[in-house]
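Let me begin by presenting the structure, written as structure tokens, before commenting on it.
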Amino acid sequence: MFGWNGTFLRVNLSRNKAVAEAYDTSFAFNFLGGRGFAAKILWDQLKPGVDPLSPENKLVFAAGPLTGFGFPNSGKLVVAAKSPLTGGYGDGNIGTNAAVQMRKAGYDAVIVEGKAEKPIFLHVKDKTAEFVDAKDFWGLTSFDTEKMLKALYEKSAGIVSIGPAGENLVKFATVVSQEGRSGGRPGMGAVMGSKNLKAVVFEGTGVLSAAHPNELKELSAASYREVMTKPNYTFWKRQGTMSTIEWSQENSALPTYNYREGVFDEAAEIGGFAMEKIKVSNRGCPQCNMTCGNVIKDSDRKQAELDYENVAMLGSNVGFGNLGQVAALNRVADELGLDTISLGNVLGFIMEASEKKLIKEKISWGKFKDTRALVNDIAYRRGLGSVLAEGVRFAAEKVGGGSGDWAMHVKGLEISAYDCHAAPAMALSYGTSSIGAHHKDAWIIGWEVEHGREGYGEEKVDKLIEYQRLRGGVFESLVLCRFPHAMLGLELEWYPKFLYAATGMELSWATLNQIADRTLNLIRAFWVREFGRNWTKAMDVPPARWFKEPLRKGPLKGSKLDSERYDYMLRKYYRKRGWDERGIPKKGTLQKLGMPDVASQLDRYVALSA
Ligand code: PTT
Ligand code: SF4
């Protein structure tokens, strides 16, 4: 095989054993890499119903067939497992040199199973894997862990680690790398913590083998140049994702006060232009010339990085109009290894609960010291922090008083930073995303704002499916950052050329889309297998707040979602996907995608429709 190494590393922490395993070409051709590999491994190798925080869960680090070849924006790694937050399939996509080093060490994926007897870190160097005592690391922040490991190994080593939140099994703990890349929103950091695995250090000295090395070199150089010619390139380097604050404000989509509103009075103070005034440098993932991490000095005079989601969730959604303070909360979350999106949600939720006097504690909007203390309490599971550490769905069950209506999640994963009172297609995107409410599979709100917000028609469903295939399927399985295409308009025709140069395979977009559908259907099958008879269509519906409480401010004042029309759109979506009225893939759909084995297994759990 060219492009793919054809090898996984299986690491059993209970037995201190690491074994290289070859996989066959059909696995590679059917699932590509990244999310595709992770979904297939978890489907095949996890017993249904395992406790996500038990040794039986498996944590998968998976790269793609282009990782390590030096194509634009290819320094990313998928980290996946059964999620302790949702109980379904979970993954995230981190920019990290660990991806490149893992591939150069000879592995396309590492499957971690079991549980170490005491805290360790794993050192993978080419063909060797070492299990190293991590007692001096346990308790450290992710930043300090990486610094200490950097001092022990080569500068080029790629490192992923967890902070105290992962150690303490906070359900939305992430895996962190390079002081500011953080991924695995649905608790991938907690799964790592449950295995007593503090960090993984990858060092690879191998050379990846490409089908057409000369063409690959030329393509790589040409595509980096092409990215730089795009009209929005200079502005992107100035603001990265931060200009979305102004965009969301203009379009009443900026989550504000726990998604009660879509506009924030102090949006200008936390927007892209305000950020530019205090920006000190750019930071980003490896192999990228778009470096979109905006580094500023935060209110503690420490360096922190700002992206849109973080600022919206720790800014407007919790009532903060001071960018330095937002950045400090963001940095603390990175150090502790907490997902900022879920964090902004649980904080917004508890501030609203306090305002409504549903809890005895006084936790007010926009109070920096109190909020920072609460963030630490979450990571260390102290007092109220321990309740919030379980996620917003659990917190609402505890708080009661009808708070479930404004616990902003889908399937247990907290909603990312787009208010959907007036965005039905985006609401459906959250409703049907592979991991719970996240925007990575389909950021359709941009298209929706351009083409009309009010409709619930078929064209929105078609567009959503197109986006999910491209982003949630192809980009997640190639494990390439979607931003060159999605934000700067790098043409899609580049990608099959990259694949041809690396693997020698000529894959059309029709084939890539079919691979995407296979992966997305397998993920849906995973969810259904986990929930069995408890699986319901209601799991694809966003929270009641967007249906019941209209926006009270801004240009779209009075807007809310219509539940009957949402249901109509959801049913259309199911039909187009080849799923039945419960949202479960039909037997024929799975068979057509080459997965008759999945169909017969799933049939035993929920009786599939033909
Ligand atoms: C992603 C999610 C996002 S999406 C953001 S900001 W965004 C938040 N970032 C966090 C952070 O930072 N620290 C923290 N403690 N928690 C955080 N939670 C949130 O996590 C990320 C970029 C961004 S910035 C986006 S949109 C794009 N996402 C991609 C994706 O999902 N797939 C893909 N193929 N390409 C992507 N490119 C962009 O990558 P998750 P990162 Mg993150 C500090 O990981 O779990 O997928 O959640 O990975 O390296 O930081 O890059 O406005
Ligand atoms: Fe990473 Fe941003 Fe570059 Fe994408 S554009 S690879 S998120 S730095």
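The values are calculated or read from the model by the stated rules, or taken from the named source; none is laboratory data. Since this is a predicted model, take the numbers as computed values, not measurements. All Cβ positions, even for glycine, are placed from backbone atoms using ideal geometry, and neighbour counts span all protein chains on display. Heavy atoms of the whole protein, side chains included, go into the accessibility calculation; ligands, DNA and RNA do not. Shrake-Rupley method; radii C 1.70, N 1.55, O 1.52, S 1.80 Å.
List the number of the failed condition for MET102; all other conditions in (1) open to solvent by less than 10 Å² (accessible area, probe 1.4 Å); (2) over 26 Å from SER433 (Cβ atoms); (3) at pLDDT below 95; (4) not aromatic (Phe, Trp, Tyr) hold.
(3)
Collect the residues in the stretch 342-362 that are open to solvent by 10 Å² or more (accessible area, probe 1.4 Å) and within 14 Å of ALA396 (Cα to Cα), keeping them in residue-number order. So that I can check it myself, show each step before the final result.
To start, the set of residues in the stretch 342-362 that are open to solvent by 10 Å² or more (accessible area, probe 1.4 Å) comprises 354-362.
Once the filter is applied, which keeps residues that are open to solvent by 10 Å² or more (accessible area, probe 1.4 Å) and within 14 Å of ALA396 (Cα to Cα), the stretch 342-362 yields SER354, LYS356, LYS357, LEU358, ILE359.
Could you go through the stretch 125-144 and let me know if any residue there is touching an Asp or Glu at 6+ places or on another chain (Cβ under 9 Å), assigned to a strand (DSSP E or B), closer than 23 Å to TRP4 by Cα and not charged (D, E, K, R).
The answer is no; no qualifying residue exists.
Name the residues in the stretch 484-512 that are within 16 Å of ligand 1 (Cβ to nearest atom) and either touching a Lys or Arg at 6+ places or on another chain (Cβ under 9 Å) or open to solvent by 20 Å² or more (accessible area, probe 1.4 Å) (or both), would you? Break it down into steps so the answer makes sense when it comes.
As a first pass, look at the stretch 484-512 and keep what is within 16 Å of ligand 1 (Cβ to nearest atom): 484-490, 492, 494-495, 498-499, 512.
Within the stretch 484-512, PRO484, HIS485, ALA486, MET487, LEU488, GLY489, LEU490, LEU492, TRP494, LEU512 qualify.
Let's see how each residue does on (1) assigned to a helix (DSSP H, G or I); (2) among the aromatic types (Phe, Trp, Tyr); (3) crowded, with 18+ Cβ neighbours inside 10 Å:
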residue: ASN521; (1), (2), (3): yes, no, yes
residue: ALA525; (1), (2), (3): yes, no, yes
residue: ARG529; (1), (2), (3): yes, no, yes
residue: PRO555; (1), (2), (3): no, no, no
residue: LEU561; (1), (2), (3): no, no, yes
residue: ASP567; (1), (2), (3): yes, no, no
residue: ARG582; (1), (2), (3): no, no, no
residue: LEU590; (1), (2), (3): yes, no, yes
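Only one residue in ARG518, ARG524, ARG533 is touching a residue at least 60 places away in the same chain (Cβ under 8 Å) and more than 22 Å from the chain's Cα centre (by Cα). Which one?
Result: ARG533 is the single residue among ARG518, ARG524, ARG533 that is touching a residue at least 60 places away in the same chain (Cβ under 8 Å) and more than 22 Å from the chain's Cα centre (by Cα).
With respect to the numbered conditions (1) open to solvent by 10 Å² or more (accessible area, probe 1.4 Å); (2) within 16 Å of ligand 2 (Cβ to nearest atom); (3) not aromatic (Phe, Trp, Tyr), which one is the sole condition not fulfilled by GLY139?
(2)
I need the full set of residues from the stretch 164-177 which are aliphatic (A, V, I, L, M) and under 19 Å from ARG382 (Cα atoms), in order please.
ALA165, LEU169, VAL170, ALA173, listed by residue number.
Does SER220 satisfy the criteria of being within 21 Å of GLN101 (Cβ to Cβ), open to solvent by less than 20 Å² (accessible area, probe 1.4 Å) and either more than 16 Å from ligand 2 (Cβ to nearest atom) or of a type in the set (S, T, N, Q) (or both)?
Here the answer is yes, as SER220 does meet what is asked.
Search the stretch 370-413 for residues being touching a Lys or Arg at 6+ places or on another chain (Cβ under 8 Å) and acidic (Asp, Glu), and hand back the single one that is nearest to ligand 1 (Cβ to nearest atom).
That would be GLU390.
For the stretch 538-553, enumerate the residues that are in contact with a Lys or Arg (Cβ under 7 Å, 6 or more places away or on another chain), open to solvent by less than 30 Å² (accessible area, probe 1.4 Å) and in a loop (DSSP other than H, G, I, E, B).
LEU551
Could you say which residue among LEU197, LEU208, LEU254 is within 23 Å of SER74 (Cβ to Cβ), surrounded by 19 or more Cβ atoms within 10 Å (Cβ to Cβ) and not polar (S, T, N, Q)?
When all the criteria are applied, what remains is LEU208.
What pairs come up if the first residue lies in the stretch 567-588 and is in contact (Cβ under 8 Å) with a residue 60 or more places away in the chain, the second is open to solvent by 80 Å² or more (accessible area, probe 1.4 Å), and their beta carbons are under 9 Å apart, counting only those six or more places apart or on different chains?
Matching pairs, first to second residue: MET569/GLU458; LYS572/GLU458; LYS576/GLU458.
Kindly check whether there is at least one residue in the stretch 595-609 that is in a helix (DSSP H, G or I), of a type in the set (Gly, Ala, Ser) and either in contact with a strand residue (DSSP E or B) (Cβ under 9 Å, 6 or more places away or on another chain) or open to solvent by 20 Å² or more (accessible area, probe 1.4 Å) (or both). Lay out the reasoning, then the answer.
Taking the stretch 595-609 first, the residues in a helix (DSSP H, G or I) are 596-606.
Filter once more, keeping what is of a type in the set (Gly, Ala, Ser): 599-600.
With either in contact with a strand residue (DSSP E or B) (Cβ under 9 Å, 6 or more places away or on another chain) or open to solvent by 20 Å² or more (accessible area, probe 1.4 Å) (or both) added as a condition, the list becomes 599-600.
Looking through the stretch 595-609, at least one residue is in a helix (DSSP H, G or I), of a type in the set (Gly, Ala, Ser) and either in contact with a strand residue (DSSP E or B) (Cβ under 9 Å, 6 or more places away or on another chain) or open to solvent by 20 Å² or more (accessible area, probe 1.4 Å) (or both).
Tell me, which strands (runs of 3 or more DSSP E) lie completely within the stretch 3-90 with 1 or more residues that are farther than 21 Å from PHE131 by Cβ and open to solvent by 20 Å² or more (accessible area, probe 1.4 Å)?
17-22, 76-82
Only one of these conditions is not met by GLY180: (1) closer than 30 Å to ARG381 by Cα; (2) within 26 Å of the chain's Cα centre (by Cα); (3) modelled with pLDDT of 95 or more. Which number is it?
Only one criterion is unmet by GLY180, namely (3).
Here is a list of conditions, (1) farther than 26 Å from GLU448 by Cβ; (2) touching a helix residue (DSSP H, G or I) at 6+ places or on another chain (Cβ under 9 Å); (3) among the polar types (S, T, N, Q), and ASN317 meets all of them except one; can you say which number that is?
Unmet for ASN317, out of (1) farther than 26 Å from GLU448 by Cβ; (2) touching a helix residue (DSSP H, G or I) at 6+ places or on another chain (Cβ under 9 Å); (3) among the polar types (S, T, N, Q): (1).
Given the residues TRP365, TRP406, TRP447, which is the only one that is surrounded by fewer than 21 Cβ atoms within 10 Å (Cβ to Cβ) and either among the β-branched types (Val, Ile, Thr) or within 23 Å of the chain's Cα centre (by Cα) (or both)? Talk me through it step by step, then tell me what you get.
Working: TRP365 fails: either among the β-branched types (Val, Ile, Thr) or within 23 Å of the chain's Cα centre (by Cα) (or both); TRP406 fails: surrounded by fewer than 21 Cβ atoms within 10 Å (Cβ to Cβ).
Only one candidate qualifies: TRP447.
Kindly indicate whether MET242 is in a helix (DSSP H, G or I), surrounded by 22 or more Cβ atoms within 10 Å (Cβ to Cβ) and within 13 Å of ligand 2 (Cβ to nearest atom).
Yes, satisfied.
State which residue pairs qualify: first residue over 18 Å from THR234 (Cβ atoms) and inside the stretch 287-310, second residue in a loop (DSSP other than H, G, I, E, B) and of a type in the set (Gly, Ala, Ser) in any location, beta carbons under 7 Å apart, and separation of 6 or more residues or different chains.
Matching pairs, first to second residue: GLN287/GLY70; GLN287/SER74; GLN287/GLY75; GLU305/GLY180; TYR308/ALA417; GLU309/SER416; GLU309/ALA417.
So that you can scan it fast, the table gives a plain yes or no per residue for (1) in contact with a strand residue (DSSP E or B) (Cβ under 8 Å, 6 or more places away or on another chain); (2) in contact (Cβ under 8 Å) with a residue 24 or more places away in the chain; (3) under 29 Å from ARG575 (Cα atoms):
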{"position": "TYR467", "(1), (2), (3)": "no, yes, yes"}
{"position": "LEU470", "(1), (2), (3)": "no, yes, yes"}
{"position": "LEU488", "(1), (2), (3)": "no, yes, no"}
{"position": "GLU493", "(1), (2), (3)": "no, no, no"}
{"position": "LEU499", "(1), (2), (3)": "no, yes, no"}
{"position": "GLU506", "(1), (2), (3)": "no, no, no"}
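Only residues that are more than 13 Å from ligand 2 (Cβ to nearest atom) and closer than 18 Å to PHE143 by Cβ: list them for the stretch 278-312, please.
VAL280, ILE296, LYS297, ASP298, SER299, ASP300, ARG301, LYS302, GLN303, ALA304
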